[in-house]
Amino acid sequence: MAKRKIKDDIMSVFNKEENIDIIPNELTILPLRDVVIFPNMIYPVLIGRQASIKAVATAMDRNKYIFVTAQKSPETEEPTLNDLYETGTIARVVQVLRLPNNLLKVLIEGEKIGQMKIKKSKTKNIKDYLESEVIKYEYTADMKNKEFLAKYQTMSKLFEEYVKNETSIPYDTIMAFNNIIDPLDKLYFAAANLKTSIKNRQLILEGILLEDKYLSIIKILKEEIQIKEIESDIHQKVNQSLQKSQKKFIIQEQIRALQNELGEDEETNQEIIQIKELIEKAKLPQNILEKANEELDKLRKTSMLSPEFTVNRNYIEWLANVPWSNFTNDNYDINYVKKILDQDHYDLEKPKERILEFIAILNIIGKLKKQIICLVGPPGVGKTSLAKSIAKALGRKFVRFSLGGVRDEAEIRGHRRTYIGALPGKIIQSMKKAGTTNPVMLLDEIDKMSTDFRGDPSSALLEVLDPEQNVAFNDHYLEVDYDLSNVLFITTANIKYDIPLPLLDRMEIIELTSYIDLEKLQIAKKHIIPKIKEELGISNFNINLTDDSILKIIREYTRESGVRNLEREISSLLRKILKEIVEQFYKEYPTIEKSNDESNNLENANQLLINNKEFLKKLKKRKINLSPLEIEKYLKSPKFKQKKDTLESKVGVVNGLAWTSVGGDIMQIEVNIMTGRDKLTLTGKLGDVMKESAIAALSFLRANTKALRLKEDFSKNKEIHIHVPEGAIPKDGPSAGITMATALYSAISGKPVRGDVAMTGEITLRGDILPIGGLKEKLLAAKRFGINRVIIPDENLRDLQDFNEDVKSNLDIIAVKNFMESINLTMNK
């Protein structure tokens, strides 16, 4: 309904007072929620708040004028002036109707735009309703101004386009809009009919100039039209997609009906035939064949458009593709297996011996169960490559997957078929990859599994690695028992104590200890250097590293238990030499710049190829021997150098021996005693066990002052500080107990400790020295740092029998039972 017609209808019912056009300066305020009223707009408002009812009543008692403005937040129940937009509309109350439940329906007609003078004017709350001085704004339109005229015409076109796209606005609104002549009335009419946010409406209302208001409404109209166009495009695409799907479904049903009329069998469907052939070729066991045929019957009855069709088809394919009866023949020739193992790996006598025992029993009984081998050792000692060699020696397929970081039980057992994108677990996937029922399966990094809300994968592995249970391993996806008893499982770990105990109980532990320097030398000569030369394509080149050069790389550029970093350094060295050789080639045979003549370019390329072949012939005849001095030329400064102060005798400083996951190391322990309150301070990022060892060592010394000839009150008014460099590296374990006790004794007595002595052992409150682990790595670390004497627990003497003489050579290894025995061995005389 046009604005003027609505106004005439209301005027026929209500009589205006003669002084109605006189608008007072102070007006009562009616806050509105989610509503912005424009001039020339008649709007019914439902009022229930007491403050608003009083405001309307006061306005009726005066001259029916009231100031309406929107709340900044519609959730505010009792707004103050600060909760309202300052710019609003001066309106006249046309009609008031009282409704049930103390509600008022008020018909309001907007007159002019106004603004509350909150800061400059006196504002007040009178009788619980809002009131403020209001400034009236008057706007004039200059139709002769070309810029304004352009905005006026643009707004008119956009509004007509907007009404055509907005189905909720009556179409005759355009006719009413075109009948309005006044530009200001036209603006307010368009703004009142916009289906937009309160902020956008308020933006139009707050424009300082009429041109600003037009510019604001133009921007809003363009945005709304663009949104409508995007929505229309989306709806159109959705409808097209639905129509296409419905059409496809109808055609499929018609084809199916025609096939039934013609009496055609459903197996004429090519996909069903292919799946049936796959089942027949798989040679499944009887129970699995029955399961596969049962699923195939379901597939025949399922529409190809149904999601279940794809789920069932994938399931049948997995059943058919997993090996059920395929197996490889094991090579039982023990001499051949020994040859392969020796060819691929230097040393590692203990694990090799265990594999040969396994082959010997296979020769007798033909089949062996209950063989779960766990290779434990530092990184780079050859655990994974040894597993590959075992598979190669036996003639079995080799598959590997890493358990590091696995947290979800479904990674092992698989997902139920009900889940979208469900798959079998890693075990069944690996069996499919192997294609045989008796592969060598390597479960790498078994000590690095995690547990969270998705389950405990270590518990799921129990069924896999338990020889009594893996005969009937049940994957959640396959839902049938699968025999894993013929699989040779080999697991690897860096630290034995991080393996869950139930798993550890089911495996046979074979420890791979650190390599000594001479072993690394032989590995580099026999395995690493030939392998890298092959990778770089220089197997025929006479580039050789002397033994001293390799030992220099081992001792000064790597510090590890294995040979992984040694391989990296040798590879880097050879690459740098090759770069130097290629640079030399281009100096002898400079390249010719390309020209526009293609024939010349081809001739130059051919000449470069000839030069390259001549250069390679010369290079193959040339002998390059890399001396230790040249190693530093290519690899720059050594990364690890002997600490000169390690072997110096000092008070309160003792060399301890530490075991890490990458080998042994020297760990100096420092003690200072200072005046202060009785206090023991421990620094160096120590773990709880190591802190307890320090406390136990101090308690032993305090309890045995007479036997040790120490002052009884040595700790009175003293602060004892124990520090273990390097402070940023976490350290833990009980094996530093004897070292801490010796450092404390030295600091208290003032006697220096020999710098060429290192020690390891757990100490008790009685001073007894208990055995420790990782002895080989600790002895190798002592040799590497030039230590002459090593003190170890007496119970670790039996471990020395398993070590090569190269490990023990040039070391004075002394076993002690208690702390008293070690005093005279460590103090500098």
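The values are calculated or read from the model by the stated rules, or taken from the named source; none is laboratory data. Values in this document were obtained by computation on a predicted structure and should not be read as measured data. Note: ideal-geometry Cβ built from the backbone for every residue, glycine included; neighbour counts use all protein chains shown. In case anyone asks, the SASA skips ligands and DNA or RNA and just uses the protein heavy atoms, side chains included. Shrake-Rupley method; radii C 1.70, N 1.55, O 1.52, S 1.80 Å.
When Ile37, Ile20 are screened for being at pLDDT below 50, open to solvent by less than 60 Å² (accessible area, probe 1.4 Å) and outside any helix (DSSP H, G or I), only Ile20 passes. Just a yes or no: is a residue in the stretch 748-762 under 22 Å from Asp794 (Cα atoms) and either hydroxyl-bearing (Ser, Thr, Tyr) or out of contact with any helix residue (DSSP H, G or I) (no Cβ under 8 Å at 6 or more places or on another chain) (or both)? Looking for residues that are under 22 Å from Asp794 (Cα atoms) and either hydroxyl-bearing (Ser, Thr, Tyr) or out of contact with any helix residue (DSSP H, G or I) (no Cβ under 8 Å at 6 or more places or on another chain) (or both), one finds at least one in the stretch 748-762, hence yes. Candidates Met674, Met667: the one that is under 41 Å from the mean Cα position of the chain (by Cα) and either small (Gly, Ala, Ser) or not in a loop (DSSP other than H, G, I, E, B) (or both) is Met667.
Beta carbons closer than 8 Å, at least 6 apart along the sequence or on distinct chains, never pair a first residue in the stretch 58-86 that is in contact (Cβ under 8 Å) with a residue 12 or more places away in the chain and within 15 Å of Val106 (Cα to Cα) with a second that is open to solvent by 40 Å² or more (accessible area, probe 1.4 Å) and part of a helix (DSSP H, G or I).
Among the residues of the stretch 409-434, what is the count of those that are assigned to a loop (DSSP other than H, G, I, E, B), loosely packed, with under 15 Cβ neighbours inside 10 Å and touching a residue at least 12 places away in the same chain (Cβ under 8 Å)?
Step one: list which residues in the stretch 409-434 are assigned to a loop (DSSP other than H, G, I, E, B), which gives 409, 414-425.
Then keep just the ones that are loosely packed, with under 15 Cβ neighbours inside 10 Å; that gives 416, 418-421.
So of that shortlist, the ones also touching a residue at least 12 places away in the same chain (Cβ under 8 Å) come out as 416.
Of the residues in that region, 1 qualify.
The criterion of at least 2 residues that are within 34 Å of the chain's Cα centre (by Cα) is met by the following helices (runs of 4 or more DSSP H) wholly inside the stretch 503-590: 529-536, 564-588. Among all residue pairs at least 6 apart or on different chains, which show Cβ distances below 6 Å where the first residue, located in the stretch 790-805, is closer than 19 Å to Glu511 by Cβ and assigned to a helix (DSSP H, G or I) and the second is open to solvent by 20 Å² or more (accessible area, probe 1.4 Å) and aliphatic (A, V, I, L, M)? Sorted first by the residue in the stretch 790-805, then by its partner, the pairs are Leu797/Ala815.
Those strands (runs of 3 or more DSSP E) of the stretch 49-146 in which at least 2 residues are among the polar types (S, T, N, Q) and at negative phi, considering only elements entirely within it, cover 87-99, 123-126. If only residues of the stretch 746-776 that are surrounded by fewer than 17 Cβ atoms within 10 Å (Cβ to Cβ) and among the basic types (Lys, Arg) are counted, the one that is farthest from Ile722 (Cα to Cα) is Arg766. The residues listed here are Lys817, Lys808; of these, the one that is touching an Asp or Glu at 6+ places or on another chain (Cβ under 8 Å) and either buried (at least 17 other Cβ atoms within 10 Å of the Cβ) or in contact (Cβ under 8 Å) with a residue 24 or more places away in the chain (or both) is Lys817.
Beta carbons closer than 9 Å, at least 6 apart along the sequence or on distinct chains, pair a first residue in the stretch 439-463 that is over 16 Å from Gly405 (Cβ atoms) and polar (S, T, N, Q) with a second that is part of a loop (DSSP other than H, G, I, E, B) and at pLDDT 80 or above for Ser459/Glu409; Ser459/Pro500. Among the residues of the stretch 150-169, those that are open to solvent by 60 Å² or more (accessible area, probe 1.4 Å) and of a type outside the set (D, E, K, R) comprise Gln153, Asn165, Thr167, Ser168.
Based on what the data block shows, is Glu463 in a helix (DSSP H, G or I), open to solvent by 20 Å² or more (accessible area, probe 1.4 Å) and closer than 26 Å to Ala292 by Cα? In short, yes. When the stretch 170-212 is limited to residues that are within 21 Å of Tyr85 (Cα to Cα) and of a type in the set (Ser, Thr, Tyr), the one that is surrounded by the fewest Cβ atoms within 10 Å (Cβ to Cβ) turns out to be Ser197. Looking only at the stretch 662-671, decide whether some residue is surrounded by 14 or more Cβ atoms within 10 Å (Cβ to Cβ), over 22 Å from Asn818 (Cα atoms) and out of contact with any strand residue (DSSP E or B) (no Cβ under 7 Å at 6 or more places or on another chain). Yes, because at least one residue in the stretch 662-671 is surrounded by 14 or more Cβ atoms within 10 Å (Cβ to Cβ), over 22 Å from Asn818 (Cα atoms) and out of contact with any strand residue (DSSP E or B) (no Cβ under 7 Å at 6 or more places or on another chain).
Quick check, is Val399 touching a helix residue (DSSP H, G or I) at 6+ places or on another chain (Cβ under 6 Å), among the hydrophobic types (A, V, I, L, M, F, W, C) and assigned to a loop (DSSP other than H, G, I, E, B)?
On the way: touching a helix residue (DSSP H, G or I) at 6+ places or on another chain (Cβ under 6 Å): yes; among the hydrophobic types (A, V, I, L, M, F, W, C): yes; assigned to a loop (DSSP other than H, G, I, E, B): no.
Here the answer is no, as Val399 does not meet what is asked.
No other residue among Lys3, Lys64, Lys54, Lys105 is under 27 Å from Met175 (Cβ atoms), open to solvent by 10 Å² or more (accessible area, probe 1.4 Å) and either at pLDDT below 85 or not small (Gly, Ala, Ser) (or both) apart from Lys3. Scanning the stretch 281-295 for residues that are in contact (Cβ under 8 Å) with a residue 40 or more places away in the chain and open to solvent by 60 Å² or more (accessible area, probe 1.4 Å) turns up Lys283, Asn287.
Yes/no matrix, rows are residues, columns are (1) farther than 26 Å from Glu648 by Cβ; (2) in contact (Cβ under 8 Å) with a residue 40 or more places away in the chain; (3) among the acidic types (Asp, Glu):
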residue	(1), (2), (3)
Ala694	no, yes, no
Arg702	yes, no, no
Arg709	no, yes, no
Pro725	no, yes, no
Asp732	yes, yes, yes
Met740	no, yes, no
Ser746	no, yes, no
Ser749	no, yes, no
Arg754	no, yes, no
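For the stretch 395-408, a tally of residues being modelled with pLDDT under 85 and surrounded by 20 or more Cβ atoms within 10 Å (Cβ to Cβ) returns 1.
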